[in-house]
Amino acid sequence: MKRGKYVLTGIILVVISMIIMPQSVNATSRGEKSLGLRVGYVTRNESALAGLYFQYSFTDYFRLSPDIDYVFRHHNEDALDLNLNAHFPFRLGVSGRFSMYPLVGMNYTSWNLHTHDENSDDVTTRDSHLGLNIGGGMEYYITPTLKLNFEGKFQWTKRADTGVFLVGIGYVF
């Protein structure tokens, strides 16, 4: 009985996805570039983040996205975060303005731990690591040259794993 429910649920999900998917599922065109600003939240120190991103589409289904982010100080920790992610975008809906993408990539994160010493005001210890990113995102093209995006990813690094959630706006050219 339970197995039948799972099969029926799976069939319904496939039918729904076929209805909402357009005939052409490419989200970007080859050579498309975008540059944008983003803000977000980091789970490691429960803090805000701000940064810049650039995206370049090599094909309709593959783009690279380098970005740089600064994690603001909270709980005596702040960080500089450099990422290089690969996105695999696909469009949803008939209008083609909405797309989703899985992402994988690598990061270099430098966390700073600020402590107070009796002899000085601020002692900083830096902990830098290379790591891996895995996650996904969504974007909505407001106009052909302006898009909003949301991205969530897990950064897997030695002693500094964290979740990152971002909202951004970008200029497409």
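For the reader, a short list of remarks on this structure follows.
- Distant-in-sequence amide contacts of ARG44, defined by a placed amide H-H separation under 5 Å and a gap of 5 or more residues or a different chain, comprise GLY163.
- Once you reduce region 28-99 and region 130-173 to the center of their Cα atoms, the two points are 3 Å from each other.
- The value given for region 30-172 is a Kirkwood hydrodynamic radius of 15.9 Å, derived from the mean inverse Cα-Cα separation.
- Over region 86-142, volume per residue of the alpha carbon convex hull, in Å³: 100
- Straight-line reach from LYS153: taking Cα to Cα under 19 Å and skipping same-chain neighbours fewer than 8 places apart, the aspartates and glutamates in range are GLU46, ASP67, ASP69, ASP78, ASP81, GLU139, ASP161.
- Around the amide H of GLU32, modelled in the peptide plane, lie the amide H atoms of SER57, all under 5 Å away and 5 or more residues distant in sequence or on another chain.
No lab work stands behind these numbers, since they all come straight from the coordinates. Keep in mind it's a predicted model, so treat the numbers as computed, not measured.
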